[in-house]
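Enquirer: Take a look at the following structure, please.
Just so it is clear, none of the values below were taken in a lab; they were calculated from the coordinates. Note that the coordinates shown come from a computational prediction; the quantities given were computed from them, not determined experimentally. A quick note on method: Cβ atoms are made from the backbone with ideal geometry, for glycine too, and the neighbour counts reach across all protein chains shown.
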Amino acid sequence: MKAVAKHVRIPPRKARLAIDLVRGKPVNEAMTLLQQLPNKSARVARKVLESAVANAMHNDGLSPNVLYIERAYVDEGPRWKRILPKDRGRAYRILKRTSHVTIILGVAAPQARPTARRASSTAAPQEEQN
């Protein structure tokens, strides 16, 4: 249950802003959070998350309600090297950074229901006798 987007045209530092917000959250909560964010990194992260959920549903038959984001990280991809002409015949290099966005989903453990307990006689503190 993994999805990877490679060579995404966004710097890794900016892409990590959205990924850091959703790491460890349930899929439904992460999806609504990413839909509300206005930046490009949130759109990229949402597409990768949707792909990971689709992989989990198709390959493993899991419901999105039981999934959570187990690991999410952004690695640096290759840099595009460009030249900016400057005065007196000089040339400045521009590095356009790319990212590899990875999201790995896990299955959330079912939460145990608290059982109703009867009041026991040891619940009240006992007084010491001298």
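Enquirer: Mind checking which pairs have a first residue in the range 33-46 that is free of Cβ contacts under 8 Å to residues at least 12 places away in the same chain and a second that is buried (at least 16 other Cβ atoms within 10 Å of the Cβ) and outside any loop (DSSP other than H, G, I, E, B), Cβ under 9 Å, 6 or more apart or different chains?
Expert: Q35/A42; Q35/R46; Q36/A42; R43/A18; R43/L34
Enquirer: So A3 fits all but one of (1) within 24 Å of A109 (Cβ to Cβ); (2) of a type in the set (G, A, S); (3) part of a helix (DSSP H, G or I); what number is the exception?
Expert: (3)
Enquirer: Continuing with this model, one more query. Look through the range 1-27, keep the residues that are in contact with a His (Cβ under 8 Å, 6 or more places away or on another chain) and surrounded by 13 or more Cβ atoms within 10 Å (Cβ to Cβ), and return whichever of them is farthest from L95 (Cα to Cα).
Expert: Initially, the range 1-27 is screened for residues in contact with a His (Cβ under 8 Å, 6 or more places away or on another chain), giving 4-8.
Still in the running and surrounded by 13 or more Cβ atoms within 10 Å (Cβ to Cβ): 4-5, 8.
Working: V4: 23, A5: 20, V8: 14 Å.
Once the filter is applied, the top-ranked residue is V4.
Enquirer: Still on this structure, I have one more. Can you tell me which of (1) more than 9 Å from the chain's Cα centre (by Cα); (2) touching a residue at least 24 places away in the same chain (Cβ under 8 Å); (3) surrounded by 22 or more Cβ atoms within 10 Å (Cβ to Cβ); (4) under 21 Å from G106 (Cα atoms) is the one A30 doesn't meet?
Expert: A30 satisfies every listed condition except (1).
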